[in-house]
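Working notes, beginning with the structure itself.
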Amino acid sequence: MTAAGSAQALFPAVVPGEAERPALTALGTTLTRGRLAAALSRYAECLETAGIRPGDRVAVWTDRALETPVALLGNAAFGVVSVPLNPSLGTRELDHVLSDAQPKLIVAASDDAASRTPDADVLRATVDATGDAAPAPRLVDDDPLLILYTSGTTGAPKGAVLSARNVAANLDGLAEAWDWSASDTVTHALPLFHVHGLVLGLYGSRRAGSHLHWVPRFSPEKIGAALAAGATMLFAVPTMYHRLADAAETDPALAAALGGARLLVSGSAGLPLRDHRRIEELTGKTIVERYGLTETLINTAVPHGAPRPGYVGPPVPGVELRLVDDDRSPLEGDAAHDDRTIGEVAVRGPSVFTGYLNRPDATAAVRDDDGWFYTGDLATMTTDGAVRIVGRRATDLIKTGGFKVGAGEVEGALLEDADVAEAAVLGLPDDDLGQRIVAFVVPRDAAAPPPVARLVEGVAAALSPHKRPREVRFIDSLPRNAMGKVQKKRLLPEPSRD
Ligand code: MCA
Ligand code: AMP
């Protein structure tokens with residue numbers, strides 16, 4: 001696995017004798033390690049023919065097709081910087097990402113990308129797994145590997161730039177925590193445009209040498225089938241576990257398949273204790289949680305063999321973590337470890353991103369001169385370092401189905417509607433989604449409010465379907481304080497106000 005000098009390859013080379021082991025399965029096709037390496041080489045040749053050189057930015061339209069993981073692995077292997085694009089991105093958000101990241105090329109498995117981006121160069125991706133594999137491993141270095149777009153409270157999403165070293169360091173820490181090895185098969189049904197599905201699921205599997213069985217569209221049945229076919233690890237967001245628990249209640253084969261896995265991992269949002277318990281009762285397996293951010297990758301992980309519902313684990317090997325107060329001073333003495341005193345999570349280490357693309361101001365706001373990154377998440381810690389996430393600083397950041405959504409961007413999209421005078425968006429508790437996006441809208445004419453479907457479609461078409469409000473409530477005016485500032489908490493039902 002080592003290349004020249006002490007430099008290390010990002011993904012291990014295929015060892016003779018192991019070329020026939022499965023590496024990647026999706027939609028009924030399996031590529032062995034040898035054939036995947038060949039497919040990456042053919043893909044790299046296509047990039048070269050298209051005039052792409054290492055260091056260039058290439059966007060990947062993450063169609064639900066085998067071509068997508070092959071392109072994302074091929075970009076990494078060839079040394080180009082991937083900008084993964086959600087194919088459901090609305091017009092406004094797509095324009096923003098393309099003008100911010102300025103990719104030289106968009107790679108896509110379908111015609112969709114070309115019709116949505118008439119001014120861009122689009123390369124139609126195919127999987128050609130014939131011929132030899134060229135031995136040109138991408139090394140672990142500080143050059144950018146990925147630009148991943150993530151929402152803030154206001155404004156358009158920012159591009160978090162992650163280097164190969166960020167990714168390799170984090171994946172090695174997770175492999176240690178979870179005893180993740182080449183004998184594992186990971187399955188997941190996550191999108192490939194975010195850290196969870198892409199960095200952990202796809203790149204993690206390649207780095208550990210394990211087999212990835214990617215299910216491009218989530219359903220409990222398909223996850224059950226992947227587990228029954230031999231997957232040993234499942235990565236999923238809490239919404240998926242909630243739906244798996246619902247389905248397993250009437251499907252003993254699914255419960256048995258979940259129980260047969262070596263490790264069930266949840267992340268991207270907190271898993272309610274109720275769903276922890278339901279899965280445990282139905283399958284005999286206890287889910288382990290891990291906690292992270294796009295900008296820092298995974299900060300904490302419950303280790304394999306030591307499940308602890310309610311906690312997201314100790315720091316991943318290589319990550320420094322501490323709780324800080326409102327002034328960003330570390331909590332001291334017992335307060336830092338009493339599992340009661342709440343502080344903001346700050347992290348430092350090789351997995352913290354290199355910065356936001358084109359946004360040094362935003363980078364400086366979250367990372368200090370000593371390299372500490374301030375997550376905005378509120379937590380407690382035990383004496384043995386186990387972290388419990390209890391909330392977030394900003395109520396304007398919503399996590400719905402594991403996707404992060406800024407209230408401000410949804411409000412902005414609602415205000416585009418000529419019949420909307422004012423809008424305030426909140427995440428309200430939801431058993432399935434964790435939080436559901438609820439829009440409080442003041443219509444220009446109370447007697448003739450705009451149709452709800454039009455408002456919902458408007459947000460989906462401008463931003464992305466997962467940012468659409470699941471509920472719209474019309475109100476006469478937004479509650480404001482004496483200074484005229486909107487007081488969103490007064491829109492909440494009484495018990496949720498704190
Ligand atoms: C429905 N649809 C619509 C509308 N209604 N489209 C436009 N306008 C509408 N009004 C479409 C959607 O586009 C979608 O189509 C389909 O209907 C279902 O949409 P939806 O109801 O939103 O999906 P869901 O069934 O609720 O999805 C649940 C889910 C999903 C599968 C759990 O939320 C999901 O994949 N979550 C994963 C999020 C994730 O990976 N987060 C990681 C972030 P179509 O199906 O065709 O698209 S990384 C991170 O957080 C950190 C680092 C970490 O810790 O991991
Ligand atoms: P993102 O910006 O999509 O990368 O989301 C990062 C945010 O997801 C974190 O700041 C947390 O608020 C949340 N998150 C991720 N994993 C967990 C978890 N296991 N428990 C609670 N919150 C989580």
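The values are calculated or read from the model by the stated rules, or taken from the named source; none is laboratory data. In this text, all values refer to a predicted model and were calculated from it rather than measured experimentally. All Cβ positions, glycine included, derive from the backbone under ideal geometry; neighbour counts span all protein chains shown. These accessible areas exclude ligands, DNA and RNA; they are computed on the full protein's heavy atoms, side chains included. Shrake-Rupley method; radii C 1.70, N 1.55, O 1.52, S 1.80 Å.
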Using +1 at the C-beta of Lys and Arg and -1 at the C-beta of Asp and Glu, which of Ala37, Thr283, Val122 has the Cα lying farthest in the positive direction of the dipole of the chain? Thr283
Rounded to the nearest 10 degrees, what's the angle between the helix 91-101 long axis and the longest principal axis of the chain, both from Cα atoms, 0 to 90? 50 degrees
Distance in nm between Met483 and Asp112 label points, each 7 Å along Cα→Cβ, equals 4.4 nm
Give me the distance in nm between label points sitting 7 Å out from Cα along the Cα-to-Cβ direction at Ala120 and Glu332, one decimal. 5.1 nm
List the relative contact order of the stretch 251-314 as a percent without decimals, with contacts defined as Cα pairs under 8 Å and 6+ residues apart. 29 percent
Size of electric dipole in the chain: Cβ of Lys, Arg +1 and of Asp, Glu -1, about Cα centre, debye, nearest 20: 460 debye
Restricting to the stretch 87-230, compute how many DSSP beta bridges are antiparallel as a %, nearest 5. 45 percent
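What does the convex hull of the Cα atoms of the chain come to per residue, in Å³, rounded to a whole number?
Expressed per residue, the convex hull around the Cα atoms of the chain is 159 Å³.
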Positive-end residue of Val390, Phe474, Thr380, charge dipole of the stretch 345-498 with Cβ unit charges: Thr380
Roughly what percent of Cα-Cα pairs across the stretch 193-312 reach past 19 Å? 43 percent
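Quick one: length gained pulling Thr30 to Arg454 fully straight, 0.36 nm per residue minus the C-alpha distance?
So the extension gain works out to 148.4 nm.
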Which pairs, out of Lys404/Lys467; Lys158/Lys467; Lys285/Lys404; Lys399/Lys488, put more than 19 Å between their alpha-carbon atoms? Lys285/Lys404
What fraction of the Cα pairs in the stretch 28-175, stated in percent, has a spacing above 28 angstrom? 18 percent
Does the stretch 226-290 come out rounded, prolate or oblate, given a ≥ b ≥ c as the square roots of the eigenvalues of its C-alpha gyration tensor, rounded meaning a/c under 1.5 and, failing that, prolate meaning a/b above b/c? oblate
Work out, in µm²/s and without decimals, the Stokes-Einstein translational diffusion coefficient of the stretch 402-480 at 4 °C, 1.567 mPa s, Rh from Kirkwood over C-alpha pairs. 104 µm²/s
If unit charges are put on Cβ atoms (+1 for Lys and Arg, -1 for Asp and Glu) and the dipole of the chain is taken about its Cα centre, the option from Ser268, Ala362, Val167 lying farthest towards the positive end turns out to be Ser268
Burial order of peptide ranges 398-408, 122-132 (average beta-carbon count within 10 Å, highest first): 398-408, 122-132
Whole-Å distance, taken between Cα centres, linking the stretch 160-239 and the stretch 77-153: 20 Å
Can you classify the stretch 1-86 as rounded, prolate or oblate using the Cα gyration tensor, where a ≥ b ≥ c are the square roots of its eigenvalues, rounded means a/c under 1.5, and otherwise it's prolate if a/b beats b/c and oblate if not? oblate
May I ask you to list the residues of the stretch 390-408 whose amide nitrogen lies under 18 Å from a point 7 Å from Cα along the Cα→beta-carbon direction of Leu492? 390-401, 405-408
Potential extension, Asp325-Arg340 segment - 0.36 nm per residue separation minus Cα distance: 4.0 nm
Simple Cβ-charge dipole of the stretch 190-254, Lys/Arg +1 and Asp/Glu -1, about Cα centre, in debye nearest 20: 360 debye
Mind checking the angle between helix 273-283 and the chain's longest principal axis? C-alpha axes, 0 to 90 degrees, to the nearest 10. 40 degrees
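Calculated FRET efficiency, Glu221 and Arg274, Cβ-Cβ r, R0 25 Å, to nearest 0.05?
On the way: r = 23 Å, r/R0 = 0.92.
It comes out at approximately 0.60.
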With every protein chain kept in place and ligands, DNA and RNA left out, what is the accessible area per residue of the chain? Probe 1.4 Å, answer in Å². 41 Å²
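Relative to the present Cα-Cα distance, how much length would full extension add between Thr286 and Ala364 at 0.36 nm per residue of separation? Can you show the working numbers first?
Values: separation 78, 0.36 × 78 = 28.08 nm, distance 3.91 nm.
Additional length available on full extension: 24.2 nm.
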Calculated FRET value between Arg392 and Val15, using beta carbons and R₀ = 56 Å, to 0.05: 0.80
Space enclosed by the convex hull of the alpha-carbon atoms of the stretch 201-255, per residue, Å³: 75 Å³
Using alpha-carbon pairs under 8 Å, 6+ residues apart, how would you state the relative contact order of the chain in percent? 12 percent
Between Ala421 and Thr91, what is the label-to-label distance in nm when each label sits 7 Å out along the Cα-to-Cβ direction? 2.7 nm
